[in-house]
Amino acid sequence: MALNSSPRGYRARGFHCKQTKMGRKQHFVPQFLLRHFSTDPKQRLVSLYYLPESKVIRGASIRGQAYKKNLYGSDQNLEKCFRTIETRVSVIVNRIIQAEGIPLAPEDDMILKHFVCLQINRTPEKISGMESQFDKMMKVAFRHDPRVKDYLNDFTIKMTSPYHFMFLIAL
């Protein structure tokens with residue numbers, strides 16, 4: 001799958017990711033999904049279970065959940081792509097909820113499947129695991145190279161843009 005960057009944004013499998021002003025909070029769980037679990041009429045709050053303290057937190061702000069600052073890079077290009085895809089998917093999800101079923105057109109089915117692939121691959125934990133595997137793979141590939149074989153365990157090999165790589169894999 002090719003992902004082409006242009007002055008107007010990214011293009012990937014039928015999605016044109018327009019350039020718009022973005023914040024630095026980049027959510028790995030889209031807010032539109034969390035709103036379906038909202039506990040207030042304005043859909044701004046959710047209840048959550050905080051694992052480290054084994055504690056239920058009621059009235060947590062949706063905006064403050066499942067994000068990291070500049071998670072996908074400070075250039076915002078990948079975040080813009082996610083926003084474009086999420087906009088289309090939110091319409092499909094709302095339609096499914098309202099119809100209480102999944103009567104999907106083939107195009108909607110494809111969009112939803114791509115979205116699920118993106119979701120599986122866009123969490124910080126998934127990226128961390130992928131980076132660890134990348135380090136191991138590169139060390140195996142270079143273990144016979146006389147220039148570096150004696151030093152491979154002295155450093156970690158990392159990607160410069162792991163989220164961009166995972167985005168390409170997902171699409």
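The values are calculated or read from the model by the stated rules, or taken from the named source; none is laboratory data. Everything numeric here is computed off the predicted structure, so don't read it as measured data. For neighbour counting, all protein chains shown are included, and Cβ atoms are generated from backbone atoms with ideal geometry for every residue, glycine included. These accessible areas exclude ligands, DNA and RNA; they are computed on the full protein's heavy atoms, side chains included. Shrake-Rupley method; radii C 1.70, N 1.55, O 1.52, S 1.80 Å.
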query: Regarding region 25-171, what is the average projected area of its C-alpha convex hull, in nm²?
result: 12.3 nm²
- request: Kindly report the accessible area of region 33-161 per residue (heavy atoms of protein chains, probe 1.4 Å, no ligands, DNA or RNA), in Å².
  value: 68 Å²
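Within 10 Å, count the other beta carbons around each residue, average over each peptide in 53-59, 32-38, 76-82, and list them highest first.
Working: 53-59: 9.4, 32-38: 15.4, 76-82: 21.4.
Top to bottom by mean Cβ count within 10 Å: 76-82, 32-38, 53-59.
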message: From the alpha carbon gyration tensor of region 75-139, can you work out the equivalent ellipsoid semi-axes (sqrt of 5 times each eigenvalue) and give them in Å, largest to smallest?
response: 31, 14, 10
field: Phi to ³J(HN,Hα) by Karplus 6.51 cos²θ - 1.76 cosθ + 1.60 over region 124-140, Hz, x for Gly, Pro
entry: x, 5, 5, 5, 4, x, 5, 5, 5, 5, 4, 4, 4, 4, 5, 5, 5
message: Show me the ranking of peptides 40-52, 106-118, 139-151 by mean Cβ neighbours inside 10 Å, starting with the highest.
response: 106-118, 40-52, 139-151
query: Say a paramagnetic label sat at a point 7 Å from the Cα of Ser161, along Cα to Cβ; which residues of region 65-103 have their backbone N under 16 Å from it?
result: 70-83
message: Excluding same-chain pairs closer than 8 in sequence, count the lysine pairs in region 88-171 whose Cα atoms lie under 27 Å apart.
response: 9
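Counting only protein heavy atoms, what percent of the accessible surface of region 43-171 is carbon or sulfur at a 1.4 Å probe?
In region 43-171, the share of accessible area belonging to carbon and sulfur is 55 percent.
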- request: Can you send over the solvent-accessible area of Arg95, 1.4 Å probe, protein chains only, in Å² to the nearest 10?
  value: 110 Å²
